[in-house]
Amino acid sequence: MKRYSNYLVLFTTVLLLFFNCAKNQPPQKPTIETEVYTGSIGMAMIISIYTTDQNKDEICYQIKWGDGQEDTSDSYPSEDTVWQRHIYQEAGDYSVLAKAVDKRGGESPWSLPLIMEIDADTLNTQTGQWICATASAGWPPGETKAVVFNNMIWVFPASLNNADKNSIWTSSDGITWTCLTDSTPWSRKLIFGVTVFNDKLWVIGGYIDSLHSVNSIWYSTDGFNWVRAVDSTPWGARDDFSTVVFENKFFIWGGRNSVDELNDVWCSPDGMNLICVNDSAEWYPRCFHTAIVFDNKIWVMGSYGWTGRYMTMDDIWCSSDGIIWTNAVKHAAWTARNCHACAVYDNRIWIMGGVIRTPNGEQATNDIWFSRNGKGWTQSCTTSVWVKRFYHTSVVFDNKLWVIGGMDDFPPNPRGFNDVWYLDLEKH
C-alpha cells in the first residue's frame, strides 16, 4: 500500500509538471528602443527593452551588444520597461539583439536588431587631473552655494548651527579666501538659491526647519549691503529649488514647501515682479535637482520627487522658453541621483557627485559625467578626484571647473567639507 502511494505521488507530480509545461506560453518577441543611436568610444549607450509574457510570468532579458559582449538582466514583471547600458571600446556599427526568458524557461524569438553607430571621437575620452586648491578654506564645512561675480568666486556657506556665523567668502584665485562678512541680514538657513542677475547677487528662499521655509528675496551690488527686494514671494515659502538666468530673466522652478514637492515655473525680469509661467510643468514634482543653461535652452537634471511614489530620478528635461518642456532623456547613462552639482565647461554639460540609492541605502558618490548634447553621456576618466559628496557646488572660473564644499553623510553622523578643487583641461 505504501509503495502504491509513493507511485501515485510521483505520477501526480509528473502529470502536474507536464500540464504546467504544456500550458506555458513563451514571452512575445521583445522590442528594443533607444533615445540616442549614435555615440563615441567611452560613451554609455542606453537601450530600453519591453515585452509581454502571456502567462504574466516574470522575465529576464538576454542581450547581445554586437561587439562580442553579452548581458543578462535581472528578472522583472511582464510588460515592465527595462533599461540597460553598455560602453563600446571601438568605433563601428553594432547590431544589438535581445530575447526574453520567463521563469519557466520559455524563450521568445530574438528581437529585431537595433543599430548603434559608434565613432572614434577622442574628445569624448577627456582626461585630466583634479587639483586641490585648498583643503580647508575657512568657512563652516558642509553645504555650500557658490557663484562667480566681479571676477571672484563667492561662497555662501549654509548652516543651522548656532556656532556658525552667517558669512560670505570670496577668492580671486580659489586658493586664498577672505571672509567678506559674517553678519548677513537673513536668518541661518539651508538649501537656498543664489544667483547673479542684473549685476547683482541674489539670495532666494531656503530651509529653516522641518516645518518652515522662507520666501524672501535679497540682493546686493557689493556683498556688504543687502536690500530685501521681496518680503513674501507669491510662490510661497520653499527650498531645494533650482534657479538660472536665461533670456534676461531669472527663473526658479520645483523645490518643496513644508508639505509637497513642486513642479511650477516662475520668472522675473527684475527680481521683484514675479510671474508664474507654468503652474504644472511636464516633469514630475521634484526637489534636489540641478539646472544649467546650455545650447540656448534650460536643462533640468536628476532629482528626488513624487512619481506616484517617492524616488530618485535620472531624467533630463529641456526648454527653450522655460514654459514648454521636452523630455530629452527618460533615463540618463548616469545613476539616478539628487543633491548633485552641474556646470557647463569646455562646451559640455558636467554632472558631478550627489546622492544615489544602493542596496545598502542612500550613499554619496563622486563619479563625473559629461555630455556634448545633453543626451549622450560619457563618464570622465579624470584622476585624483575629490572624495564622495553631496550638497556641494560647482562653478566655472578662470577657464577651470571648480568643485567646492559639501558633505558625505546624513545626520546623525554627517561629515562636512570646506575644500576647493579644480580641473583645468586646457593644460591637458
Compute the distance in nm between two label points, each set 7 Å from the Cα along the Cα-to-Cβ direction, one at Gln129 and one at Ser75.
-> 5.0
Semi-axes a, b, c in Å (a largest) for the range 366-428, each sqrt of 5 times a Cα gyration tensor eigenvalue, come to 24, 15, 11
To the nearest 0.05, how large is the calculated FRET efficiency for Asn151 and Glu33 if R₀ is 56 Å and r is the Cβ-Cβ distance?
-> 0.75
Of Ile368, Ile351, Ile63, the one that fluctuates the most in a GNM where the chain has Cα springs shorter than 10 Å = Ile63
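For each of Tyr37, Tyr345, Tyr88, count neighbouring Cβ atoms within 10 Å of the residue's Cβ, then give the residues from fewest to most.
Tyr37, Tyr345, Tyr88
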Kindly provide the helix-only [θ] at 222 nm of the chain, computed as the sum of -39,500 (n - 2.57) over DSSP H runs of four or more divided by all residues, to the nearest 500 deg cm²/dmol?
-> -2000 deg cm²/dmol
Report the full-extension gain for the segment Asp260 to Lys200: residue separation times 0.36 nm, less the Cα-Cα distance, to one decimal in nm.
-> 18.5 nm
q = 0.09, 0.10 Å⁻¹: log10 I(q)/I(0) that the Debye formula gives for the chain, counting C-alpha atoms only = -0.63, -0.75
With a ≥ b ≥ c from the Cα gyration tensor eigenvalues, square-rooted, and the rule rounded for a/c under 1.5, otherwise prolate when a/b > b/c and oblate otherwise, the range 265-350 is oblate
The simple spin-label model distance between Ala120 and Ala91, using points 7 Å out along Cα→Cβ, in nm, is 0.5
Any chance you could give the angle, 0 to 90 degrees and rounded to 10, that helix 2-23 forms with the longest Cα principal axis of the chain?
-> 60
So for the range 252-402, using the alpha carbon gyration tensor with a ≥ b ≥ c as root eigenvalues (a/c under 1.5 gives rounded; past that, a/b versus b/c decides prolate or oblate), I'd call it oblate
Nearest 5 is fine: what % of DSSP beta bridges in the chain come out antiparallel, could you say?
-> 95
Overall Cα dimensions of the range 20-178 - principal axes, largest extent first, Å = 76, 43, 23
Over its alpha-carbon atoms, the range 318-382 yields an Rg and a Dmax in Å of 13.0, 40
Dipole in debye (nearest 20) - the range 331-396, about Cα centre, beta carbon charges: Lys, Arg +1; Asp, Glu -1 | 100
Simple Cβ-charge dipole of the chain, Lys/Arg +1 and Asp/Glu -1, about Cα centre, in debye nearest 20 = 1080
What is the chain's relative contact order, in percent, from Cα pairs under 8 angstrom and six or more apart in sequence?
-> 13
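Laboratory data are not the source of any read-out in this text; all were calculated from the coordinates shown. None of the values given here were measured: they were computed from a predicted structure. Cβ coordinates were reconstructed from backbone atoms using ideal geometry, including for glycine residues, and neighbour counts include every protein chain displayed.
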